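Enquirer: I am attaching a structure below and will ask some questions about it afterwards.
What follows is calculated from the coordinates using simple rules that are stated; it is not laboratory data. As the structure is a prediction and not an experimental result, all values here were calculated from the model. So basically every Cβ, Gly included, is an ideal-geometry build from the backbone, and we count neighbours across all protein chains shown.
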Amino acid sequence: MITTEAPVQAKPIRTSRGAAVLTDTLVVTRRNLRRIRRTPRMMAVSSIHPVLFLLLFRYVFGGAIHTRRFSYVDYLVPGLLVAITLFGSTTSVAMATDLGSGMIDRFRSLPMARSAVLAGRCLADVTRSLFVVMILLVVGTLTGFRFHNGVLAAVVAIALVLAFSFSFSWLFALVGLIVKDPQTAQLAAFLPVFPFMFASTVFVPLTSMPGWLQAFARFQPVSSAVNAVRSLAEGGHHTALFVVLSVGWMIFFLAVFGSLSITRYRKS
Amino acid sequence: MVEAHGLSKAFGPTQALAGVDLEAEAGQVLALLGPNGAGKTTLVRILTTLLKPDGGWARVCGLDVVCDAPAIRPFIGLSGQFAAIDKLLTGRENLEMIGQLSRLGRREARRRGDEALQQFGLSEAADRLAKSYSGGMRRRLDLAAALIARPQIIILDEPTTGLDPRSRMDLWFAIEHLVAGGTTVLLTTQYLEEADRLAHRVMVLDEGKVVAVGSPGELKARLGGDVVELHVTRDDEFDMALAAIASLLDGRPDSDRDRLRLRLPAPGGQATLKMVFNLLDRAGVAIDDIGIRRPSLDDVFLALTGHATATSPAKPHPAGRRRGAREGRTP
């Protein structure tokens, strides 16, 4: 039969606030990684998406797109590395699912750091991004993509992709918290994706766009990251400038969507 | 331990709570009893710092739920209306996670997790994913999670809703053991029998207001004594039966036309029973069943709110039927 012990005053382990946030974040991250690992079908499906994009653009549209300094596959793969992290609907869906299942209520009733649930979500999704990035690099290499700027720059490029993924996932977490329903979250998460992904330098050079659109497409966050990653991977002018611009956007995203998400989470 | 005064909360045009006072003493069980939409969950969410009240105040362990929210959380364990466990984690992993997030440290979280799994009869299922658990097992795991930090107050929102009778009994035992150990328990329920069995004090909530507070005994005493309950055989004789015993009904007759059931106060006990029997016999009304019933909390609820308790999703406890609990009647 069930027996329970007499309650004793909980003895919280005294730690500094910073350490507590970190521990909580890691605990939540591990939980989310376990969930990802235990839904292999979702991982499989989410890795098909980018591969499909790569093959379609490489072989269907690629011939019609003129990139001056690069072969198209060398132009496309760095762009796609950034763009695929925008398929972040899983972040929104997971957030909405946790809200609906009472998991968030439980977390909020615990003496844990408020930001850890969101940070843990975003960190776990970066790991997922890393997985998809690897797949894309393998398929890219098979279809002719090469890094032409040395190993170090390549590593920095991938690190930049992951940092971009982390900063953007706060936006997706916010979407999940706002719409609350997993099915709606699935759809809503694509709303911010399309304009940023297509009106960018992911697939085509700026010069093919009308002037007014070029202004947006040149400096928007996705293009900034793509330009930086492409420059790092393939070599080019203004690499440092692109990297600084792109890191600036990431900090902006983290600050704005990070604080909005946390505020929203507190109230949810 | 837990006290509140004048709590109110509105969601748009819906007034979920309209001035609720509440007091739960240390080591006791306070049951919040009410139908769906009575405001029970809103009240629980305010007391567990998940929701801010529009008006009034509440204190837990002397700390204000709004101003001192972070300080309160270590003192409370919440087991919400839906088992808030991660179905893609094993039972062990769930408890370890909640333990760690309750600031127990990894080793301690693991140790207490194993302990709790044993206490709640989940040892064998410890390394299975929670999605393979039955409803009762999920509920027990959820309760174990709420208890892992050994909180002084445990708040259970409809802990047994949707459970089969066996799991319900197990959970009741668990709660009784907790209380025996000195934990303060605040639970919400739609089931009168549950409040009757577990609670020292019952607070009846309806439409965001407290309609009665007292021990189960006190509440039952309000109805004053026994009732005669009878069951008419034929549909078309129901009104005849009502007319025949009209002289014995003071005020509103407690009748259930759908079930052809009638109740009336029986101050004279056996004598009243005999009188009712004779009156019906003389009027030529056929009856299936007649007898004296002790009032149940159902009767109290009906008397207080003018409508029966919420529809039970399943017929939860056979015992409730025996005691004349009404199921599934809507006003």
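Enquirer: Taking the number of other C-beta atoms within 10 Å as the exposure measure, put B:S79, A:S115 in order starting with the fewest. Before the final figure, lay out the partial values.
Expert: Numbers: B:S79 28, A:S115 18.
The fewest-first ordering by Cβ neighbours comes to A:S115, B:S79.
Enquirer: By how many degrees, 0 to 90 and rounded to 10, does the Cα axis of helix A:239-267 deviate from the longest principal axis of chain A?
Expert: With rounding to tens, the tilt is 30 degrees.
Enquirer: To the nearest 20 debye, what charge dipole does the range A:143-266 have about its Cα centre, counting +1 at the Cβ of each Lys and Arg and -1 at the Cβ of each Asp and Glu? Spell out each step's value before the answer.
Expert: Values: 6 positive and 2 negative charges, 29 e Å.
The calculation lands at about 140 debye.
Enquirer: On a 0 to 90 degree scale, rounded to 10, what angle separates helix B:270-283 from the longest Cα axis of chain B?
Expert: Roughly 50 degrees, rounded to the nearest 10.
Enquirer: Farthest toward the dipole's positive end in the range B:124-268, which of B:A244, B:V213, B:A149, given Cβ charges of +1 (Lys, Arg) and -1 (Asp, Glu) about the Cα centre?
Expert: B:A149
Enquirer: Next question. Of all DSSP beta bridges in chain B, what percent run antiparallel (nearest 5)?
Expert: Details: 35 of 53 bridges.
In chain B, approximately 65 percent of DSSP beta bridges are antiparallel ones.
Enquirer: Given the options B:A212, B:A38, B:A243, state which has the largest fluctuation in a GNM of chain B using a 10 Å cut-off (strictly under) for Cα springs.
Expert: Of the options given, B:A243 has the highest mean-square fluctuation.
Enquirer: Taking the mean number of other Cβ atoms within 10 Å as a proxy for protection, how do you rank A:174-183, B:83-92, A:60-69, A:239-248 from highest to lowest? Before the final figure, lay out each step's value.
Expert: Working: A:174-183: 20.1, B:83-92: 22.6, A:60-69: 11.9, A:239-248: 16.8.
Going from most to least packed, we get B:83-92, A:174-183, A:239-248, A:60-69.
Enquirer: What is the Cα radius of gyration of the range A:19-65 over 2.2 N^0.38 Å, N being its residue count? Working shown, then result.
Expert: On the way: Rg = 17.9 Å, N = 47, 2.2 N^0.38 = 9.5 Å.
Output field value: 1.89.
Enquirer: Within a 10 angstrom radius of the beta carbon, how do A:W249, A:W212 rank from fewest other beta carbons to most?
Expert: On the way: A:W249 21, A:W212 8.
The fewest-first ordering by Cβ neighbours comes to A:W212, A:W249.
Enquirer: Moving on. Report the Cα-based extents of chain B along its three principal axes, largest first, to the nearest Å.
Expert: 77, 45, 36
Enquirer: Would you tell me the mean number of C-beta atoms belonging to other protein chains that fall within 10 Å of each C-beta in A:96-108, as a whole number? Don't jump to the answer; show the numbers that get you there.
Expert: Values: counts 0, 0, 2, 0, 1, 7, 10, 6, 2, 11, 16, 4, 8.
Counting Cβ atoms of other protein chains within 10 Å of each residue's Cβ and averaging gives 5.
Enquirer: Bin width 10 Å, origin at 0, all Cα-Cα pairs of the protein assembly as shown: what percent of pairs per bin?
Expert: For the protein assembly as shown, the binned pair fractions read 3, 15, 20, 18, 14, 12, 8, 4, 3, 1, 0 percent.
Enquirer: Shifting gears a bit: State to the nearest 20 debye the size of the charge dipole of the range B:1-95 about its Cα centre, where the only charges are +1 on K and R beta carbons and -1 on D and E beta carbons. Intermediate values should be presented prior to the final figure.
Expert: Details: 8 positive and 9 negative charges, 68 e Å.
Rounded to the nearest 20 debye, it is 320 debye.
Enquirer: Okay, next question. Work out the charge dipole of the range A:17-167 with +1 on the Cβ of Lys and Arg and -1 on the Cβ of Asp and Glu about the Cα centre, then indicate which of A:T91, A:G62, A:L136 is farthest towards its positive end.
Expert: Comparing the listed Cα positions along the dipole, A:T91 ranks first.
Enquirer: Towards the positive end of the charge dipole of chain B, with charges on Cβ (+1 Lys, Arg; -1 Asp, Glu), say which of B:T160, B:F11, B:S123 has the farthest Cα.
Expert: Working it through, the farthest residue towards the positive pole turns out to be B:S123.
Enquirer: State which entries of A:K267/B:K87; B:K9/B:K87; A:K267/B:K209; B:K40/B:K87 exceed 30 angstrom in Cα-Cα distance in the structure shown. Don't jump to the answer; show the numbers that get you there.
Expert: On the way: A:K267/B:K87 25 Å; B:K9/B:K87 32 Å; A:K267/B:K209 25 Å; B:K40/B:K87 26 Å.
Among A:K267/B:K87; B:K9/B:K87; A:K267/B:K209; B:K40/B:K87, the Cα-Cα distance tops 30 Å for B:K9/B:K87.
Enquirer: Can you pull the mean other chain C-beta count within 10 Å for peptide B:147-154? Walk me through the intermediate numbers first.
Expert: Details: counts 3, 1, 8, 8, 4, 4, 1, 1.
Going residue by residue through B:147-154 and averaging, the value is 4.
Enquirer: Is there a simple number for the mean count of other chain Cβ atoms within 10 Å of the Cβ of residues in A:109-118, and what is it? Show your work: numbers first, answer last.
Expert: Numbers: counts 16, 15, 11, 7, 2, 1, 0, 1, 1, 0.
Partner Cβ neighbours, averaged per residue: 5.
Enquirer: A further question on this structure: Take the alpha carbon atoms of the range A:137-195, find their radius of gyration, then divide it by 2.2 N^0.38 Å using N residues; give the quotient. Don't jump to the answer; show the numbers that get you there.
Expert: Numbers: Rg = 16.2 Å, N = 59, 2.2 N^0.38 = 10.4 Å.
Relative to the rule-of-thumb radius for its length, the range A:137-195 sits at 1.57.
Enquirer: Roughly how big is the range B:78-175's charge dipole about its Cα centre, with Cβ charges of +1 (Lys, Arg) and -1 (Asp, Glu), in debye to the nearest 20?
Expert: Computed charge dipole of the range B:78-175: roughly 200 debye.
Enquirer: Taking only DSSP H segments of four or more residues, each worth -39500 (n - 2.57), what value at 222 nm results for chain A once the sum is divided by all its residues, to the nearest 500 deg cm²/dmol?
Expert: Estimated from H runs of four or more residues: -24000 deg cm²/dmol.
Enquirer: Report, ordered by chain and residue number, the lysines lying within cross-link reach of B:K274, taken as a straight Cα distance under 23 Å and ignoring same-chain residues fewer than 8 apart.
Expert: Of all the lysines, none pass the test against B:K274 - Cα under 23 Å, at least 8 places apart if same chain.
Enquirer: Also, I was wondering about something else. Using Cβ contacts closer than 10 Å as the measure, can you line up A:S231, A:S259, A:S165 from fewest to most? Please report the intermediate quantities before stating the final value.
Expert: Numbers: A:S231 22, A:S259 13, A:S165 28.
Placing the least packed residue first, the sequence is A:S259, A:S231, A:S165.
Enquirer: Considering all alpha-carbon pairs of the range A:163-258, what whole percent are spaced by more than 24 angstrom? List each step's numbers first, then the result.
Expert: Details: 1235 of 4560 pairs.
Counting every Cα pair in the range A:163-258, those more than 24 Å apart make up 27 percent.
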